[in-house]
1. Here is a list: Tyr60, Tyr111. Which entry is at negative phi, touching a residue at least 24 places away in the same chain (Cβ under 8 Å) and of a type in the set (Ser, Thr, Tyr)?
2. Consider only pairs whose beta carbons are under 6 Å apart and that are at least six residues apart or on different chains; among these, list those whose first residue lies in the range 1-15 and is closer than 23 Å to Val120 by Cβ and open to solvent by 50 Å² or more (accessible area, probe 1.4 Å) and whose second residue is assigned to a strand (DSSP E or B) and among the polar types (S, T, N, Q).
3. Please find, within the range 50-93, the residue that is least open to solvent (accessible area, probe 1.4 Å) out of those that are under 19 Å from Arg26 (Cα atoms) and charged (D, E, K, R).
4. How many residues are touching a Phe, Trp or Tyr at 6+ places or on another chain (Cβ under 7 Å) and hydrophobic (A, V, I, L, M, F, W, C) when one looks only at the range 88-111?
5. Before we move on, is Asp90 over 16 Å from Val2 (Cβ atoms), out of contact with any Gly (no Cβ under 6 Å at 6 or more places or on another chain) and free of Cβ contacts under 8 Å to residues at least 12 places away in the same chain?
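The values are calculated or read from the model by the stated rules, or taken from the named source; none is laboratory data. No experiment lies behind these values; they were computed from the predicted model shown. When we count neighbours, we look across all protein chains shown, and the Cβ atoms used for this are built from the backbone with ideal geometry, even at glycine. Ligands, DNA and RNA are excluded from the accessible area calculation, which covers all protein heavy atoms including side chains. Shrake-Rupley method; radii C 1.70, N 1.55, O 1.52, S 1.80 Å.
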Amino acid sequence: QVQLVESGGGLVQAGGSLRLSCAASRRTGSTSVMGWFRQAPGKGREFVALTIWSSGGTAYADFVKGRFTISRDNAKNAVYLQMNSLTPEDTAVYYCAAGRTISFSTSSYDYWGQGTQVTVSS
């Protein structure tokens, strides 16, 4: 079993920045890909970004390109999401997830954190 714990959410004004962290209890073959997803009120959970533990390769949703950066620290089993130029549309609960394949789909991820709230005020 793998536990994921997110932190770093909060309230920020439009144009501001936040850095989310995700701590993984361990890494296994089934957690080779780490993703960030978000879910706004009344909407489905959507892909934000992913990274691969071994190579550091990354992928982003179009709506965050140039604003968000995902990174990882292999020694700490941690993944980060640096979010800049935030807008009210970025308000959501942000979830960290771990899976074995490169995918933008929630169904491909086996482990999920509890989520951290990000609220962007206008």
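1. Details: Tyr60 fails: touching a residue at least 24 places away in the same chain (Cβ under 8 Å).
Only one candidate passes the filter, namely Tyr111.
2. Final answer for the pair search is Ser7/Ser21; Leu11/Thr119; Gln13/Ser121.
3. Asp73
4. Total satisfying the criteria: 4.
5. Details: over 16 Å from Val2 (Cβ atoms): yes; out of contact with any Gly (no Cβ under 6 Å at 6 or more places or on another chain): yes; free of Cβ contacts under 8 Å to residues at least 12 places away in the same chain: no.
Taking the combined requirement at face value, the residue does not satisfy it.
Table: residues versus (1) of a type outside the set (Gly, Ala, Ser); (2) within 20 Å of Val2 (Cβ to Cβ).
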position: Gly16; (1), (2): no, no
position: Thr31; (1), (2): yes, yes
position: Gly42; (1), (2): no, no
position: Thr51; (1), (2): yes, yes
position: Arg67; (1), (2): yes, no
position: Met83; (1), (2): yes, no
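Condition check ((1) among the polar types (S, T, N, Q); (2) farther than 18 Å from Ser85 by Cα; (3) in contact with a Lys or Arg (Cβ under 7 Å, 6 or more places away or on another chain); (4) at pLDDT 95 or above) across all residues:
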position: Val33; (1), (2), (3), (4): no, yes, yes, yes
position: Gln39; (1), (2), (3), (4): yes, yes, yes, yes
position: Ala49; (1), (2), (3), (4): no, no, no, yes
position: Ser54; (1), (2), (3), (4): yes, yes, no, no
position: Gly57; (1), (2), (3), (4): no, yes, no, yes
position: Asp62; (1), (2), (3), (4): no, no, no, yes
